[in-house]
Each structure stands twice: as C-alpha cells, then as structure tokens.
Amino acid sequence: MIQWPFMDVAVTLPVTGSFVYAVPDFLADSCVPGMRVLVPFGRRRVTGYILAGRPDSGGYTAKKILDVLDDHPLFPENEIPFFTWVSRYYIHPLGETIKAALPPGLDRQDVACIFATEQGKTALDSGTLTPTEAKILDMAGKNQGASRKQVIQAVNSPSVRSLIRKMTDREYISVCAVLKKEAASVRREKFISPGKKIPDPDTKMSKKRLQILSIVKEKNEISLTALRSQVPTAPKLITFLEADGLVTVTLRRVFRDPLGDPVEPDTPPQLTPEQAEVAAVVRGNLEKGFVPYLLSGVTSSGKTEVYMRLVADAVEQGRSAIVLVPEIALISQTERRFRARFGENIAVIHSMLTHGERLDQWRRISLGKVSIVIGARSAIFAPFENVGIIIVDEEHDGSYKQETGLRYNARDLAVVRARMCHCPVVLGSATPSIQTFHNVRTGRFVQLTLHRRVNNNPLPVITLVDLKKYKEAKPMDRIITPELARAIRACLEKGNQALIFLNRRGFASFPACKACDKPLHCRYCDVTMTFHLGQRKYKCHLCGFCLPESTACPECGKKTIHNFGFGTEKIETMLKAMFPDARLARMDQDSTAKKGSALRLLKSIRNRTVDLIVGTQMLAKGHDFPAITLVGIICADLSMNLPDFRAGERTFQLLAQVAGRAGRGDEPGTVIMQTYNPDHFTIEASRRQDYVEFFNHEIPFRKALKYPPFTRMVQIKISGREQDKVAHHAQKVADILANLLETMPEDAGVVEFLGPIESPIQRISSRFRWQLLVKSSSFHRISSLMRALQNHPDIKGAKTVALGIDVDPYSLM
C-alpha cells in the first residue's frame, strides 16, 4: 500500500469540494480512502472522509490530520466517484453527502458549549438577573453545561445571541469547544472460556461459581450475556474466577442482530413461463453490463420470485445485490422471503433500526460478511465493492425521495450506480411512474412484462360506489355505504379477511368551533389539527404540536369544539360497532409508532388472528395476504385535487396498488371503491386496472405544460421565521435569477422559472415558506444556474432566511 504524504478529505460542513491535509508519520499506516479522520477546520475540529492520497499539497500549507477514527474503511474506494456524482447532481456539499449516506451517529466535531462560572452562579443565587439570563445560567450550571444550540433553541428569542455575548463579557458564563462523541459505536462482548488452572477439589466454592465453571467447561466458550441468562450474578463472579486463573475472559466485537424470528428454508418454486422468460432476458444480457429494465405487470404476478432468481445469479458469480423496498413494514416481508432462500447472507438497512444496529449492518456489508442488502432508500449507498444487480421494488413509490438534507431519489440513484458498476438494474412496479414508463417508450429502458397473476388467479372485480347518492343519508352511511357494509358482512361470513383503506389517520380531521365556526388550527403551522381518540389529543401531523381534548377555541374562548371529518381511528370505531364479533386491527403511523409493532400487526394478519384490517398506504403496496378477499376504499378522491401536477398519477397508483391486495389466494377478490368522481379518467382507469390507458391520457398534459418527463425541474425552497423577510428574500431570488439569465444569452428560452409564490402550506413549524420552480430541457443549464445562484453574495450572506434546492422534486406542497 502506498503511503501518501497528503490526503484529499471531504469535511462534514456545508462547504464545496474537498481539502488537502498532511498525514503525520504516526498515522501513515492508518490513512486509507473510505476512513473517517478528525481534522482541524478553522478554529474547530470536525469529521472528514479520506477520498484519495496525493503526493503534494498543491502549493498550500496543509494542516495535519489529528486522528483516524476507523480501523477499517466505511466505504470502498470505488464508491467515491458515486458520492461525487450525487454531490454534483443534487448540488449538495460532498462531505455532507457522504455523511447522509453513512449510518447516523458517526459524526465527531467540536460543539460550542456554555458553562456557568462561579461569578455567574453567585449572580443566579442573588436573584438580580432577568428571567432570560436566569434560564441561560440554569442550563449552563449543569455538570456538562449546555450546548450553545440547545440554549438558543430553549430561550427562543431574537436577542439570545447578543445576550450570550454580554454574559460572556460579564464573566457569568464561558463558551468552550467540546468534542462531541459519536452517537453510534461498535459493541464489544466478553467471552468466557476455561482458564489455564484446574479447580482444586479441596478448595471450597459457592454453588454459583461451580455452576459457572461447569457451564464454561461444557460450552468451551460462552458470551457473558448468555452466561448471565443462566447465572444472573455471573458478571461479578467472573472477575474473581479470572483472577484465580480458572477462566479466561476475551473481549471481542459482536454484531447486533435486527432480524426477526427464525425462518424455515424454502424450496424455489417452478417459475411460470412468463417469469422464466423475464429471468432469461436479464441473464442473456449480462455480458452487456449496464441495462436498465422496467419489470411491470399486474399485482401478484410473482415479481419477488423473479428478483430472488436474479439475485441468486449475482451471488453465484461472486457479486453482490442491493434490493430496495419503499416501506419499512414491507421490508419485513421481503427480508423473510430472502432469508428463507439465502439464509444469513443478508443485511437490512432502514431507519427503524437503532444507531448501533445500523452501524453493525453497515460493518457486516463493508467487511464482506454478506452479499445481499435489503433496505429502504438509504440502502442504495451500501458499501459493496462488486455490485452485480440492483433491484428497486415498487419503483413508483414516493418514499424513495428524501425530502430533507440531501434530497436524493434512491430510484434514480439506483440507475446511476448500476451504470457505474456495469450491472443490470431492475425497476419493478405494477403501476410504474410516468418518468420510468416514458423511458421505456423512448427506448432508454427495456420493458419486461408479467401479464398474469401467479396460478392464473383473476384480478379482483372493482365496483364503483358514487358517494354523491348518499349526501342526505345518515352519517354512518355517508362513510361506510350500504354496498360496502354488505360486502364486509359477506366476506366475514365466509371466514375471509377484509382490508378497509383510508389514507388519513386520526379520528376527526377537521375540528371546528360550533360557536364561531373557526377551525382549530395548529399554533405553528397553517393546517387544521386532527383529533386522536386513543390519545385524547388534537395533534398537528406536520410539527407534532398537541392540545388536550378539553381545549377551548383560540378565537372565542368557548369549549364548543366539534370534531368533523374522519380518519382511520373513526373507521375503526364504526366497524367495531357494526361488526362487534369481528377481530379488528388498525395499521397506520400511530398504531405502529413503537419498535416492533408493525411486525406484530403484519404477523397477526398473516396468521389470520384478525378479520378486519383498517389501514393507510402502509398496507397498500407489496404485501401478500392470501386470505384478504375484499378491499374497501372509503374515499378514492382524497389525493386527487391537491395542487401538484403529480396528484392524478399518485391517486391512480395508490388505488391500483390497494386494489391489488384482494384475491391473491385461491378465492377471487372484490374491491368496493367509494368516490365522488366516478367519471374521472383516473378513477375509471383504476377501475379497469389499465395503466397504459392512464399513461396515454396523462402524458399529453405533461408535454403541453412542460412538466417532467419532458423537462428537468428544480424547486427553490425559501423559509424563515419572519414573514416579511421571507417574502422579500423570495422576490430577491427571483430578481437574481432574472439577472443571471440575462447574462447567459445561451439560456434564453431554454430555462424558465415560475414564481415566487407562497407554498400551498404557507407555514410549517413557525417557518414561513415560499417557492420557485425552474424548468428546462437541459439539466446542465439548470445546474449551472443553481450554482451561480448559490454563490451570489446576496444569497450566501442571508442569515435569517434559508434557501434549499430540491433537484427533481417529488412533492410541490
């Protein structure tokens, strides 16, 4: 290995590019691309990532690396070009791009912390301070002080920064840099084995010590955790036994296991002719390297089995496989099927794992202990060195788009990484995104199709129910119509399961005052709150703000708030009243908030210990429950009228997917779809489950309005706490864009921007929001324009207003 005197390092700060650091002699053997290092940056220490070695500093006086934080690279060297591409495309700092790709909790940096001085403590006891000063000193007086960021957030005053400076000048507080520890770390476990000495039979020992020695002798080696389960006092007694030489204690690294219950190995079923043909096409093109495929077809057509065959081919060739799944709840089902086929040769990556579990899974991948990773969007960054295939299941799903920080789309990155790794990528969906299907039509992607369900089961029969007919009916019939109620009763009488779908959680979605007719709004967001019966609270679904059930109207002060509207909780309550003998479960974000709760619910559905399932979109895609023969859609129109050009596309996909949960077993399925717009082409295409009809109707509108896939789009998001300043800054951004376009005559007519306008939801978490849309057929032109905007002095100097750039935005809300 070449020992370079200098290293290119990307730091975890919002700065562009990388920086050159000198390698001290004592770290020369340790610095390898892919490792974390602690480096000085300005007056603080931050985490950096080694990108490459270099023979010189480029003419600069390079600072020295302070420490190496890893004993093994976190990512392979051949993944660095991928990170660089992601950083450039999404116009995001390289160091922060790598940080977003890695497991959370690995960042080490100096944090400004505030400590109370003796003089400050005396002033606090005297009672002469203002309430704000007293609050700051109270926080700073704790043993470990308080971070400057914590104090600023807790005080929440525009003058808090100047007040901290004044209190520092008066020597009430001191501000020091403290190196923050990592939130995630490796786990080490003690293992006990027989010692060099043999127990003396004449020496008296307690029963517990004799039991420990017997267990260790029998097992030859056992972890302290396992030993403690048999002898609770083992940790204390082991110390004495080790001192006497009767046992040997070894500290060894272990991996935390986030996988579920053991799974019985399966036998690969015989492929249907369509499945075999699809697999053969991909195998036949392996020599070509990168080929992007769209695997489309009806729901329950056996796409997962095709995925497993293609993954098996990659593993047999000594290569790795990345399988992306949109929902965490869906990962469990996929993981079980893959474990049944591939044993323990898989890792899982998703946000419901603890920091330590994610780090362990990441390490298993980087150390080459597994060949397959299954996970949500972040799994696209898995540190495999030799990727053989990438699969994106339900590729149309919006969950693949990250909406904060590094705003990437994992589906798009799957195509990019496959191109860099010279391997095939398979995007699978029964309802492909308009973008992906357009790529098929234009010859960029190869289409593979599964026209029939496995075992030739028929598609469910979908019946539309016009909700306008029940406007004057009693309240319950307006929500659960007689047609749906009869279908549920018939389903239950046959001993089958029914899924009732509503993509809105909570009990009542529109609480309003009967006295003054004003809706109950969130204090910090421009949305109405939702009443949650189980928690007896009104809750904002955007910021989490809560009010008690007994709250008075903020406008008139009267306690006359009435709960209008409905959500999954209300549907659950109604169904319990209508079908008291049925076993009922609800699956939404509220009922699955605790770790493991989603898996328990899915297990109960799979084991048929529930009859009626009320669920949101968490249950709408990918799940395979053969006993569900009825799907009832409470209101098919909820998402169709949102101010977003993709609203129709999302509605069709959601309806077609949830309808596909019915009739996956031996009995045919039925879908009751309640709607106020039975004649709308989106609803009609959903009823016929005809994706091509929907695409052919939708694509001319996209082309006429110059929306994706015919143009590339960037959304500029502007937000801040002061409404006037945000509006002023939004207009300033528009003026800067106009001036930049004037100085770039080659962009005239090629790049256009819309706005600025207030966002559809004008305020979230006390931050006012404006936006602009930039469109062009040339992404290179948009990218150049965005970089020029970022580097403009009026943009870089803005402190109270934040500007975010979202490349290929998924939601315009």
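Is it true that some residue in segment 686-698 is in contact (Cβ under 8 Å) with a residue 12 or more places away in the chain, among the β-branched types (Val, Ile, Thr) and farther than 24 Å from LYS401 by Cβ?
no
Output the residue which, of all residues in segment 282-304 that are in contact (Cβ under 8 Å) with a residue 24 or more places away in the chain and among the small types (Gly, Ala, Ser), is farthest from GLN657 (Cα to Cα).
GLY289
From the list GLY375, GLY388, GLY405, pick out the single residue that is more than 17 Å from the chain's Cα centre (by Cα) and touching a residue at least 24 places away in the same chain (Cβ under 8 Å).
Working: GLY375 fails: more than 17 Å from the chain's Cα centre (by Cα); GLY405 fails: more than 17 Å from the chain's Cα centre (by Cα).
Of GLY375, GLY388, GLY405, the one residue that is more than 17 Å from the chain's Cα centre (by Cα) and touching a residue at least 24 places away in the same chain (Cβ under 8 Å) is GLY388.
How about segment 602-617: which of its residues are among the hydrophobic types (A, V, I, L, M, F, W, C) and either in a strand (DSSP E or B) or open to solvent by 30 Å² or more (accessible area, probe 1.4 Å) (or both)?
Narrowing segment 602-617 to residues among the hydrophobic types (A, V, I, L, M, F, W, C): 602, 605, 610, 612-614.
Across segment 602-617, the qualifying residues are LEU612, ILE613, VAL614.
How many of the residues making up segment 184-205 are modelled with pLDDT under 85, of a type in the set (Gly, Ala, Ser) and surrounded by fewer than 15 Cβ atoms within 10 Å (Cβ to Cβ)?
1
In the set GLN150, GLN144, which member is in contact (Cβ under 8 Å) with a residue 24 or more places away in the chain, polar (S, T, N, Q) and open to solvent by 60 Å² or more (accessible area, probe 1.4 Å)? Explain how you work it out, then say what you get.
On the way: GLN150 fails: in contact (Cβ under 8 Å) with a residue 24 or more places away in the chain.
Unique residue meeting the criteria: GLN144.
List pairs: first in segment 446-458 and open to solvent by less than 50 Å² (accessible area, probe 1.4 Å), second of a type in the set (Asp, Glu), Cβ under 7 Å, 6+ apart or cross-chain?
Close Cβ pairs (under 7 Å, with a partner that is of a type in the set (Asp, Glu)) amount to LEU450/GLU274.
With the structure loaded, tell me whether ASP244 is at pLDDT below 80 and of a type in the set (Asp, Glu) or whether it fails that test. Reasoning before the result, please.
Values: at pLDDT below 80: no; of a type in the set (Asp, Glu): yes.
Considered against the rule, which asks whether it is at pLDDT below 80 and of a type in the set (Asp, Glu), ASP244 comes out as no.
Out of all the residues in segment 315-328, which are surrounded by fewer than 23 Cβ atoms within 10 Å (Cβ to Cβ) and not in a loop (DSSP other than H, G, I, E, B)?
Selection gives VAL315, GLU316, ILE328.
Got a number for residues in segment 710-736 being open to solvent by less than 40 Å² (accessible area, probe 1.4 Å) and closer than 21 Å to ALA798 by Cα? Spell out the reasoning first.
Taking segment 710-736 first, the residues open to solvent by less than 40 Å² (accessible area, probe 1.4 Å) are 711, 713-716, 718-720, 726-727, 729-730, 733-734, 736.
From what is left, the residues that are closer than 21 Å to ALA798 by Cα are 714-716, 718-720, 726-727, 729-730, 733-734, 736.
Counting residues in segment 710-736 that are open to solvent by less than 40 Å² (accessible area, probe 1.4 Å) and closer than 21 Å to ALA798 by Cα gives 13.
If a residue has to be surrounded by fewer than 17 Cβ atoms within 10 Å (Cβ to Cβ) and among the basic types (Lys, Arg) to count, how many in segment 497-536 make the cut?
Summing the residues that are surrounded by fewer than 17 Cβ atoms within 10 Å (Cβ to Cβ) and among the basic types (Lys, Arg) in segment 497-536 gives 4.
Please go through segment 302-359 and give me each residue that is of a type in the set (Lys, Arg) and touching a Gly at 6+ places or on another chain (Cβ under 9 Å), ordered by number. It would help to see each step written out before you state the result.
Residues of segment 302-359 of a type in the set (Lys, Arg): 303, 309, 319, 336-337, 339, 341, 358.
If the condition is that a residue be of a type in the set (Lys, Arg) and touching a Gly at 6+ places or on another chain (Cβ under 9 Å), then LYS303, ARG319, ARG336, ARG339, ARG358 are the ones that fit.
Just name the residue that is farthest from the chain's Cα centre (by Cα) out of those in segment 207-229 that are open to solvent by 50 Å² or more (accessible area, probe 1.4 Å) and under 21 Å from ARG187 (Cβ atoms). Show your work before the answer.
Of segment 207-229, the ones open to solvent by 50 Å² or more (accessible area, probe 1.4 Å) are 207-211, 214, 217-221, 225, 228-229.
Those still in the list that are under 21 Å from ARG187 (Cβ atoms) too: 219, 221, 225, 228-229.
Details: LYS219: 42, GLU221: 40, THR225: 32, ARG228: 36, SER229: 36 Å.
Within segment 207-229, the match that is farthest from the chain's Cα centre (by Cα) is LYS219.
Taking into account only those residues within segment 266-283 that are open to solvent by 60 Å² or more (accessible area, probe 1.4 Å) and in a helix (DSSP H, G or I), which is nearest to GLN317 (Cα to Cα)?
In this case the residue turns out to be ARG283.
If I ask for residues that are in contact with an Asp or Glu (Cβ under 7 Å, 6 or more places away or on another chain) and open to solvent by 20 Å² or more (accessible area, probe 1.4 Å), which ones from segment 622-640 would you list? Steps first, please.
First, pick out the residues of segment 622-640 that are in contact with an Asp or Glu (Cβ under 7 Å, 6 or more places away or on another chain): 622, 629.
The answer is none; no residue qualifies.
Can you spot a residue in segment 688-709 that is within 30 Å of ARG486 (Cα to Cα), of a type in the set (Lys, Arg), surrounded by 19 or more Cβ atoms within 10 Å (Cβ to Cβ) and within 31 Å of the chain's Cα centre (by Cα)?
So the first thing to find is which residues in segment 688-709 are within 30 Å of ARG486 (Cα to Cα), and the list is 688-691.
Filter once more, so that each one left must be of a type in the set (Lys, Arg): 688.
This time we only want the ones that are surrounded by 19 or more Cβ atoms within 10 Å (Cβ to Cβ), so: none.
Checking segment 688-709: not a single residue is within 30 Å of ARG486 (Cα to Cα), of a type in the set (Lys, Arg), surrounded by 19 or more Cβ atoms within 10 Å (Cβ to Cβ) and within 31 Å of the chain's Cα centre (by Cα).
Taking THR272 as meeting all but one of (1) farther than 16 Å from ALA430 by Cα; (2) out of contact with any Gly (no Cβ under 7 Å at 6 or more places or on another chain), write down the number of the exception.
Of (1) farther than 16 Å from ALA430 by Cα; (2) out of contact with any Gly (no Cβ under 7 Å at 6 or more places or on another chain), only one is false for THR272: (2).
Can you say whether ARG407 is assigned to a helix (DSSP H, G or I) and either surrounded by 21 or more Cβ atoms within 10 Å (Cβ to Cβ) or out of contact with any Pro (no Cβ under 7 Å at 6 or more places or on another chain) (or both), as far as the supplied structure shows?
The answer is no for ARG407.
Under 25 Å from VAL178 (Cβ atoms), open to solvent by 30 Å² or more (accessible area, probe 1.4 Å) and in a loop (DSSP other than H, G, I, E, B): which single residue out of ASP29, ASP71 fits that description?
On the way: ASP29 fails: under 25 Å from VAL178 (Cβ atoms).
Among ASP29, ASP71, only ASP71 is under 25 Å from VAL178 (Cβ atoms), open to solvent by 30 Å² or more (accessible area, probe 1.4 Å) and in a loop (DSSP other than H, G, I, E, B).
Restricting to segment 1-26, give me the number of residues that are in contact (Cβ under 8 Å) with a residue 24 or more places away in the chain, farther than 27 Å from LEU367 by Cβ and either open to solvent by 20 Å² or more (accessible area, probe 1.4 Å) or in a strand (DSSP E or B) (or both).
Matching residues across segment 1-26 total 9.
Could you say whether any residue in segment 766-781 is touching a residue at least 60 places away in the same chain (Cβ under 8 Å), under 18 Å from THR404 (Cβ atoms) and not polar (S, T, N, Q)?
Pass one, segment 766-781, residues touching a residue at least 60 places away in the same chain (Cβ under 8 Å): 766, 773-779.
With the extra rule that they be under 18 Å from THR404 (Cβ atoms), the set shrinks to 766.
Pick out the ones that are also not polar (S, T, N, Q) and you get none.
No, every residue in segment 766-781 fails to be touching a residue at least 60 places away in the same chain (Cβ under 8 Å), under 18 Å from THR404 (Cβ atoms) and not polar (S, T, N, Q).
State whether the residues of segment 737-755 include one that is within 30 Å of THR463 (Cβ to Cβ) and surrounded by fewer than 19 Cβ atoms within 10 Å (Cβ to Cβ).
No; the residues of segment 737-755 include none that is within 30 Å of THR463 (Cβ to Cβ) and surrounded by fewer than 19 Cβ atoms within 10 Å (Cβ to Cβ).
Among the numbered conditions (1) within 19 Å of ILE331 (Cα to Cα); (2) buried (at least 18 other Cβ atoms within 10 Å of the Cβ); (3) in contact with a Lys or Arg (Cβ under 8 Å, 6 or more places away or on another chain), tell me where GLN589 comes up short.
(2)
Please indicate, with yes or no, whether at least one residue in segment 38-54 is over 22 Å from ALA177 (Cβ atoms) and either open to solvent by 40 Å² or more (accessible area, probe 1.4 Å) or assigned to a loop (DSSP other than H, G, I, E, B) (or both).
Applying the first criterion (over 22 Å from ALA177 (Cβ atoms)) to segment 38-54 yields 50-54.
After this cut, where a residue has to be either open to solvent by 40 Å² or more (accessible area, probe 1.4 Å) or assigned to a loop (DSSP other than H, G, I, E, B) (or both) as well, the list is 54.
Checked against the condition, which is being over 22 Å from ALA177 (Cβ atoms) and either open to solvent by 40 Å² or more (accessible area, probe 1.4 Å) or assigned to a loop (DSSP other than H, G, I, E, B) (or both), segment 38-54 yields at least one hit.
Being under 18 Å from GLN689 (Cα atoms) and either surrounded by fewer than 19 Cβ atoms within 10 Å (Cβ to Cβ) or of a type in the set (Gly, Ala, Ser) (or both) is the filter here; which residues of segment 641-662 pass it?
Start the filter on segment 641-662 by keeping residues that are under 18 Å from GLN689 (Cα atoms), which leaves 647-662.
Listed by number, the residues that qualify are ALA647, GLY648, ALA656, ALA659, GLY660, ALA662.
Being within 30 Å of ALA704 (Cα to Cα) and of a type outside the set (Gly, Ala, Ser) is true for just one of LEU599, LEU638. Which residue is that? First the steps, then the outcome.
Working: LEU599 fails: within 30 Å of ALA704 (Cα to Cα).
Going through LEU599, LEU638 in turn, the sole match is LEU638.
The values are calculated or read from the model by the stated rules, or taken from the named source; none is laboratory data. None of these values were measured; they are calculated from a predicted model. Backbone-built Cβ (ideal geometry, glycine too); neighbour counts: all protein chains shown. Keep in mind that these areas ignore ligands, DNA and RNA; they rest on the heavy atoms of the full protein, side chains included. Shrake-Rupley method; radii C 1.70, N 1.55, O 1.52, S 1.80 Å.
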